[in-house]
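Trainee: Structure incoming, see below.
The values are calculated or read from the model by the stated rules, or taken from the named source; none is laboratory data. Treat the numbers as computed from the prediction; the structure is a model and nothing was measured. As a convention, Cβ positions derive from the backbone with ideal geometry for all residues, glycine included, and neighbour counts pool all protein chains shown.
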Ligand SMILES: [Zn+2]
């Protein structure tokens with residue numbers, strides 16, 4: 001990847017010996033940020049995300065085109081230098097800040113809102129302390145359900161809560177320059193957390209390739225080690241083992257189903273190339289999706305059935321995603337098994353009790369009882385299923401719901417909407433599509449949408465609008481009758 005770019009030389013450290021990176025003093029960092037805001041006031045906003053233990057500001061620069069409404073923008077947060085001496089991470093973000101105000105980033109500013117916190121641990125900036133002044137590892141100062149303990153990590157958590165971003169990156173690195181070796185990597189943590197693994201390896205691979213095309217080799221963690229298991233007691237010799245910490249990336253994924261990426265950045269230019277590649281990808285539809293954005297919409301997938309966020313704008317999909325993600329533990333998905341080519345059927349419920357009621361039910365008696373219980377007419381679907389004698393039973397997802405209304409109140413109806421998807425074979429053409437027994441037409445609001453995915457499937461999405469009131473738990477029956485060419489003959 002060609003990048004016509006001259007990194008800025010800062011006043012501190014050493015710019016040319018290669019022994020140390022040049023870097024800004026904290027006052028220089030602040031004046032750089034202020035100047036960016038005043039020079040590019042239409043799309044740069046500077047604010048304090050919080051203050052450090054010693055009361056130093058933690059700056060956040062936000063880049064977006066303020067003439068374009070926020071409703072349909074992807075949100076991104078990138079944080080550097082949670083570990084004090086890892087200045088190369090900050091430098092990559094400062095280089096990204098310089099790039100984000102150029103015309104090359106016009107389209108990204110129109111479609112995304114990008115927050116950069118280049119220096120998250122200002123108290124440790126000069127003295128190269130790994131932790132903060134209270135000797136706490138800020139990157140690992142998170143827990144599954146509690147709050148971080150330090151003001152710096154609390155600032156990160158508060159911005160995450162405000163943004164609920166589609167993409168979050170924690171950038172790490174070194175204080176040394178090019179004469180020193182340090183591996184670069186994306187999407188996992190070598191030492192801090194075995195949990196810190198991105199959910200989209202293919203997205204991460206795009207970054208690896210962009211960096212490598214520019215001459216910066218990347219480590220691929222589990223793939224290089226050829227060890228895949230998370231730590232299992234007694235089997236660490238077959239594990240990809242690092243720490244067991246809950247990091248800021250784990251926190252973002254766990255709370256908001258954010259695509260989280262821990263990056264090791266030795267060379268600021270390499271970090272810039274990778275960050276830029278991510279932002280470019282966020283302007284495109286990803287693999288299964290029909291609309292542009294980061295791959296965070298799918299909350300669940302089993303075989304051909306997907307549960308996904310609802311909405312026509314990024315903001316609507318975000319609200320739906322965060323709501324559904326908090327309740328994936330109560331999803332029940334029962335799909336027709338031995339499905340022939342030509343018919344697909346799935347029942348979805350938010351009542352964990354349906355798991356035992358639905359599993360291994362015979363299709364026709366199930367449909368009869370379901371129609372009766374839900375007060376809907378399923379006769380067309382029963383007739384369609386009878387044409388396919390191999391479709392005999394329903395099978396629930398292998399993951400038994402573990403919903404507890406003590407831990408978190410059960411969701412009775414999706415207040416931000418729900419999208420269910422059936423993935424059909426290549427080149428399938430839907431003939432008739434039913435939601436809750438009724439045939440439906442195309443509509444992004446309360447009908448279906450259908451598209452061909454980049455990897456060759458046909459996707460049918462059922463758009464189920466927000467429901468504020470529900471007497472009982474929300475349940476749905478989705479079905480598609482379709483035609484598809486024989487795949488071995490398709491061209
Ligand atoms: Zn680090």
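Trainee: The conditions are (1) touching a residue at least 12 places away in the same chain (Cβ under 8 Å); (2) within 30 Å of residue 140 (Cα to Cα), and residue 55 fails exactly one of them. Which is it?
Mentor: Only one criterion in (1) touching a residue at least 12 places away in the same chain (Cβ under 8 Å); (2) within 30 Å of residue 140 (Cα to Cα) is unmet by residue 55, namely (1).
Trainee: Follow-up. Run down 193, 242 and say which single residue is within 19 Å of residue 84 (Cα to Cα) and within 16 Å of the ligand (Cβ to nearest atom). Break it down stepwise before answering.
Mentor: Numbers: 242 fails: within 19 Å of residue 84 (Cα to Cα).
Criteria check complete, one pass: 193.
Trainee: Still on this structure, please answer the following. When you scan the range 372-381, do you find a residue that is surrounded by 14 or more Cβ atoms within 10 Å (Cβ to Cβ), free of Cβ contacts under 8 Å to residues at least 12 places away in the same chain and not in a strand (DSSP E or B), even just one?
Mentor: Just the residues of the range 372-381 that are surrounded by 14 or more Cβ atoms within 10 Å (Cβ to Cβ), to begin with: 374, 376, 378, 380-381.
Next, from what is left, pick out any that are free of Cβ contacts under 8 Å to residues at least 12 places away in the same chain: none.
The answer is no; no qualifying residue exists.
Trainee: Identify the single condition in (1) in contact with a strand residue (DSSP E or B) (Cβ under 7 Å, 6 or more places away or on another chain); (2) closer than 24 Å to residue 38 by Cβ; (3) within 16 Å of the ligand (Cβ to nearest atom) that residue 125 does not satisfy, given that it satisfies every other one.
Mentor: (1)
Trainee: Out of all the residues in the range 110-122, is one or more within 13 Å of the ligand (Cβ to nearest atom) and touching a helix residue (DSSP H, G or I) at 6+ places or on another chain (Cβ under 8 Å)? Give the steps one after another, and end with the answer.
Mentor: To start, the set of residues in the range 110-122 that are within 13 Å of the ligand (Cβ to nearest atom) comprises 120-121.
If we keep only those that are touching a helix residue (DSSP H, G or I) at 6+ places or on another chain (Cβ under 8 Å) too, we end up with 120-121.
Within the range 110-122, one or more residues are within 13 Å of the ligand (Cβ to nearest atom) and touching a helix residue (DSSP H, G or I) at 6+ places or on another chain (Cβ under 8 Å).
Trainee: Quick one: residue 471 ticks every box in (1) closer than 13 Å to residue 422 by Cβ; (2) at pLDDT below 95 bar one, so which box is it?
Mentor: Every listed condition holds for residue 471 apart from (1).
Trainee: Considering only residues of the range 386-402 that are touching a residue at least 60 places away in the same chain (Cβ under 8 Å) and surrounded by 14 or more Cβ atoms within 10 Å (Cβ to Cβ), which is farthest from residue 342 (Cα to Cα)?
Mentor: Filtering the range 386-402 down to residues touching a residue at least 60 places away in the same chain (Cβ under 8 Å) leaves 394-398, 401-402.
Applying the additional criterion that residues be surrounded by 14 or more Cβ atoms within 10 Å (Cβ to Cβ) yields 394-397, 401.
Values: 394: 17, 395: 19, 396: 21, 397: 22, 401: 30 Å.
Across the range 386-402, the extreme among qualifying residues is 401.
Trainee: While we're here: Kindly check whether there is at least one residue in the range 158-170 that is in contact with a helix residue (DSSP H, G or I) (Cβ under 9 Å, 6 or more places away or on another chain), at pLDDT 95 or above and within 14 Å of the ligand (Cβ to nearest atom). Walk me through how you get there before you give the answer.
Mentor: We begin by selecting, within the range 158-170, every residue in contact with a helix residue (DSSP H, G or I) (Cβ under 9 Å, 6 or more places away or on another chain); these are 160-161, 163-170.
If we keep only those that are at pLDDT 95 or above too, we end up with 160-161, 163-170.
Retained after the next criterion (residues that are within 14 Å of the ligand (Cβ to nearest atom)): 169-170.
Yes, some residue in the range 158-170 is in contact with a helix residue (DSSP H, G or I) (Cβ under 9 Å, 6 or more places away or on another chain), at pLDDT 95 or above and within 14 Å of the ligand (Cβ to nearest atom).
Trainee: Next question. Cβ-Cβ below 6 Å, separation at least six or inter-chain, first residue in the range 163-174 and farther than 15 Å from residue 281 by Cβ, second assigned to a strand (DSSP E or B) and more than 8 Å from the ligand (Cβ to nearest atom): which pairs?
Mentor: 163/75; 163/77; 170/79; 170/262; 171/80; 171/263; 171/265; 173/265
Trainee: Let me ask something else. Mind checking which strands (runs of 3 or more DSSP E) fall wholly inside the range 44-124 and carry at least 3 residues that are over 25 Å from the mean Cα position of the chain (by Cα)? Explain how you work it out, then say what you get.
Mentor: Values: elements: 44-51, 57-63, 74-80, 112-117.
Passing ranges, in order: 44-51.
Trainee: Determine, yes or no, whether residue 147 is within 27 Å of the chain's Cα centre (by Cα) and free of Cβ contacts under 8 Å to residues at least 60 places away in the same chain.
Mentor: On the way: within 27 Å of the chain's Cα centre (by Cα): yes; free of Cβ contacts under 8 Å to residues at least 60 places away in the same chain: yes.
Judged against the criteria, residue 147 is a match.
Trainee: If you go through the range 199-232 one residue at a time, how many are in a loop (DSSP other than H, G, I, E, B) and away from the ligand (no atom under 16 Å from the Cβ)? Full working, then the answer.
Mentor: Here is the first cut: in the range 199-232, the ones in a loop (DSSP other than H, G, I, E, B) are 199-200, 214-218, 220-221, 226-228, 230-232.
Still in the list and also away from the ligand (no atom under 16 Å from the Cβ): 199-200, 214-218, 220, 226-228, 230-232.
Selection size over the range 199-232: 14.
Trainee: Need the failing condition index for residue 287 against (1) in the same structural domain as residue 346 (by TED's automatic domain parsing); (2) surrounded by fewer than 17 Cβ atoms within 10 Å (Cβ to Cβ), just the number.
Mentor: (1)
Trainee: Would you confirm, using the coordinates I've provided, whether residue 85 is surrounded by fewer than 22 Cβ atoms within 10 Å (Cβ to Cβ), assigned by TED's automatic domain parsing to the domain that holds residue 187 and within 16 Å of the ligand (Cβ to nearest atom)? Spell out the reasoning first.
Mentor: Working: surrounded by fewer than 22 Cβ atoms within 10 Å (Cβ to Cβ): yes; assigned by TED's automatic domain parsing to the domain that holds residue 187: yes; within 16 Å of the ligand (Cβ to nearest atom): yes.
Against the criterion (surrounded by fewer than 22 Cβ atoms within 10 Å (Cβ to Cβ), assigned by TED's automatic domain parsing to the domain that holds residue 187 and within 16 Å of the ligand (Cβ to nearest atom)), residue 85 qualifies.
Trainee: So which of 227, 255, 245 is modelled with pLDDT of 85 or more, touching a helix residue (DSSP H, G or I) at 6+ places or on another chain (Cβ under 8 Å) and more than 30 Å from residue 279 (Cβ to Cβ)? Give the derivation first.
Mentor: Numbers: 255 fails: more than 30 Å from residue 279 (Cβ to Cβ); 245 fails: more than 30 Å from residue 279 (Cβ to Cβ).
After ruling out the rest, the residue left standing is 227.
Trainee: Of the numbered conditions (1) buried (at least 24 other Cβ atoms within 10 Å of the Cβ); (2) at pLDDT 95 or above, residue 268 fails exactly one; give the number of that condition.
Mentor: Residue 268 satisfies all of (1) buried (at least 24 other Cβ atoms within 10 Å of the Cβ); (2) at pLDDT 95 or above except (2).
Trainee: Can you tell me how many residues within the range 8-23 are surrounded by fewer than 16 Cβ atoms within 10 Å (Cβ to Cβ), over 11 Å from residue 179 (Cβ atoms) and at pLDDT below 75? Walk me through how you get there before you give the answer.
Mentor: Going through the range 8-23, the residues surrounded by fewer than 16 Cβ atoms within 10 Å (Cβ to Cβ) turn out to be 8-9, 11, 14, 16-19.
Then drop every residue that is not over 11 Å from residue 179 (Cβ atoms), which leaves 8-9, 11, 16.
Within this subset, residues satisfying the condition of being at pLDDT below 75 are 16.
Matching residues across the range 8-23 total 1.
Trainee: Something else about it: Can you tell me which residue within the range 198-221, out of those that are within 22 Å of residue 255 (Cα to Cα) and in contact with a helix residue (DSSP H, G or I) (Cβ under 8 Å, 6 or more places away or on another chain), is surrounded by the fewest Cβ atoms within 10 Å (Cβ to Cβ)?
Mentor: Of everything passing the filter in the range 198-221, 199 is surrounded by the fewest Cβ atoms within 10 Å (Cβ to Cβ).
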